[in-house]
1. For ALA175, state whether it is in a loop (DSSP other than H, G, I, E, B) and modelled with pLDDT of 95 or more.
2. Is there any pair linking a residue in the range 96-119 that is not assigned by TED's automatic domain parsing to the domain that holds THR144 and at pLDDT below 95 to one that is loosely packed, with under 15 Cβ neighbours inside 10 Å and aliphatic (A, V, I, L, M), with Cβ under 6 Å and at least six apart or on different chains, and which?
3. Return the total of residues in the range 61-95 being without any contact (Cβ under 8 Å) to a residue 60 or more places away in the chain and within 20 Å of MET222 (Cβ to Cβ).
4. Given the criteria part of a loop (DSSP other than H, G, I, E, B) and either buried (at least 19 other Cβ atoms within 10 Å of the Cβ) or in the same structural domain as ILE232 (by TED's automatic domain parsing) (or both), does ASP159 qualify?
5. Being among the hydrophobic types (A, V, I, L, M, F, W, C), outside any strand (DSSP E or B) and modelled with pLDDT under 95 is the filter here, so list the residues in the range 207-230 that pass it.
6. Would you say ARG178 is surrounded by fewer than 20 Cβ atoms within 10 Å (Cβ to Cβ), under 16 Å from ILE153 (Cα atoms) and of a type in the set (Lys, Arg)?
7. Tell me yes or no: at least one residue of the range 102-118 is touching a Phe, Trp or Tyr at 6+ places or on another chain (Cβ under 7 Å) and closer than 17 Å to ASP215 by Cα.
8. Could you tell me which of the residues GLY45, GLY75 is among the small types (Gly, Ala, Ser), surrounded by 18 or more Cβ atoms within 10 Å (Cβ to Cβ), not assigned by TED's automatic domain parsing to the domain that holds THR219 and not in a strand (DSSP E or B)?
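The values are calculated or read from the model by the stated rules, or taken from the named source; none is laboratory data. Computed from a prediction, not measured in an experiment: that's the story for all the values here. Positions of Cβ are backbone-derived with ideal geometry, glycine not excepted, and every protein chain shown enters the neighbour counts.
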Amino acid sequence: MRTRRLIQVLAGLAAVLAMPALWAADAKPDVAATIKRNVEARFPGTKVIDVQPSPLAGIYEVFVGDRIVYSDPNGDYLLVGSLLDSRTRSDLTAARMEERGTIDFKSLPFDKAIKVVRGNGKRSFAVFEDPDCPFCQKLEHELTSMTDVTEYIFLFPIDALHPQATVHAHAIWCAPDRALAWTQWLNQKKPPPPATCKNDPIGELQKLGAKLYIDGTPTMYMSNGKRVTGAIPAADLEKELVASTAGPASGNPVAPPAADRPGPAPPTAPNR
C-alpha cells in the first residue's frame, strides 16, 4: 500500500514539475497570500497557517495544522503525501511536521490533566483524548501492557464525531476518582454517572487543542516535546518513551496511524 501511494505521489509530482511554463506565467508576487487565498476558498474549513519554499524549485510547503501539503505558486495544484530524499531515504515531510509540532512539554497545564501512574511512573507523556474515540480506546488497551509510565490525559471531546463525548468528559472529570472513572470507561465501558462541577477544564482544553492545531485523537506529546499522533502499538510507544529521555525531539518518524478526525478535513489523499 505504501509503495503504491509513493508511486502515485511521485507521478503527481512529475506531472506538476512538467509545467514550468505555467508557473512562469501565473506566479504572483505574493505567493504565500495567493496560495492561502485559493486553498482556503477551494477547501472550505481548511486554514492555511504558513507557506514556505520547499526543497523543490517552484513547489511550496503549505502547513495546514495537522499536516503539510505541497503546492504550485498559485494553489492550483496540490500534492498530498511525503516528500522523500532519495539520497538519505529520509522523510522530509515527517521531519518538518515533527519540527512544527514540537512543544515545551513543561508548558502543558498538568493541573487540568487526569494523571494515571503505572509502576514507578518514572517516564511520562501527555495525550489529548476523546472519551468516545475508538482509537483512544485502542491506545488505552495498549497501555495496559506497559509499566513505569505516567500518562497525563487531557480530555478533548470531539462532538462532531461523538455527540455524547462532552457529556462523558464532564462526568469523568467530575468523578470522585478521575483516573478510575477514565480507565473503567475506556477499558470496560463502564459509564460514570452524569455530573458537573466547578473548575471543569474541558472548555479551556478545547482552546488549547485549537492552539496546538489538534484536530484528531489521540494526539500525544512525549517528555521531550515530540508530537505523536494515532493509536500506536505498545512496542512503538515504548520506543518513543525511550527516545524522549535521550534528548530533544529529532529524527524522521513514520506516517501516523489512524486517529479520529472531524470533517471537513484539510486537503488529504483518500483513505489516509
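1. yes
2. Within 6 Å, no pair qualifies.
3. Of the residues in the range 61-95, 1 are without any contact (Cβ under 8 Å) to a residue 60 or more places away in the chain and within 20 Å of MET222 (Cβ to Cβ).
4. So ASP159 passes the test.
5. Narrowing the range 207-230 to residues among the hydrophobic types (A, V, I, L, M, F, W, C): 208, 210, 212, 214, 220, 222, 228.
From the residues that got through so far, the ones that are outside any strand (DSSP E or B) too are 208, 210, 212, 214.
Scanning the range 207-230 gives ALA210, LEU212, ILE214.
6. yes
7. yes
8. Values: GLY45 fails: surrounded by 18 or more Cβ atoms within 10 Å (Cβ to Cβ).
After ruling out the rest, the residue left standing is GLY75.
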